[in-house]
Amino acid sequence: MSVFELFSLGGVVMWPLLGFSVLVTTLILERGLFWWKISKRQDQIVQGILETYSRNPQTALAKLKQNSDLPIVRIFLAALTLQEATPDEFRLALESAAQAEIPLLKRFNTIFETVIGVAPLLGLLGTILGLISSFSSLQFGDVAGQESVEVTAGVGEALISTATGLVVAIFTLLFANLFQGLYRRQKAMIQENGGRLEILYRRLYRQYLHRRR
């Protein structure tokens, strides 16, 4: 049995399930590319900036501006470009910028969760509609005739939509959990390196105050 035949046997709910699968695949590719770009460049750039900042803040700032497409770099820039900020103001700027980046890091999570929840229900609805259609053709007392054979076949066909809904939900769940794990890792990395940058800034700020006296 071909894929097209299975699709037609699954009933009307196969169309929204197809739409979900296309949507989810597109979003997974976008998120995969997003996280790949971050993991490929971020660690090396951040470590280099932290090492440079303690010696030459202006050079570190210029390097940040060259890599402003990375979320953690934009967080650092938001704090470092704050003019004559106290350490407390610097910390608040880091925290505010980090909060502003969270929607980008968690992008499409709501869509993934919706598909995970709705796809199995759509599959179940398709099965119920298929069963209703199959049993509606069965005459009372006809348990061994041709109609009963057709009903048995119809039950099997009706389960196609449930299986499809589960496949779509499981596929989405696997990648949603992967992206959630990457988000948690990124959040921890932002907190760790943000703390290191804050320490460096406090040291430079104390030196600045000492020179002004």
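Computed from the coordinates by the stated procedures, all read-outs in this text should not be read as laboratory data. Treat the numbers as computed from the prediction; the structure is a model and nothing was measured. All Cβ positions, glycine included, derive from the backbone under ideal geometry; neighbour counts span all protein chains shown.
Annotations for the structure displayed:
- Cα-based helix-to-principal-axis angle, 146-212 vs the chain, degrees rounded to 10: 0 degrees
- Degrees between helix 87-105 axis and first principal axis of the chain (Cα, 0 to 90, nearest 10): 20 degrees
- Added length on full extension, which subtracts the Cα-Cα distance from 0.36 nm per residue, Ser39 to Gln191: 53.1 nm
- Helix 71-80 and the long axis of the chain differ in direction by around 30°, with both axes built from C-alpha atoms.
- Residues listed by number, region 167-194, amide nitrogen under 11 Å from Glu51 label point at 7 Å toward C-beta: none
- A straight chain from Leu209 to Ile132 at 0.36 nm per residue would run longer than the Cα-Cα distance by 19.7 nm.
- Answer label, with Kirkwood radius over Cα pairs in Å calculated from the coordinates and candidates (i) 17.0; (ii) 21.3; (iii) 18.1: (ii)
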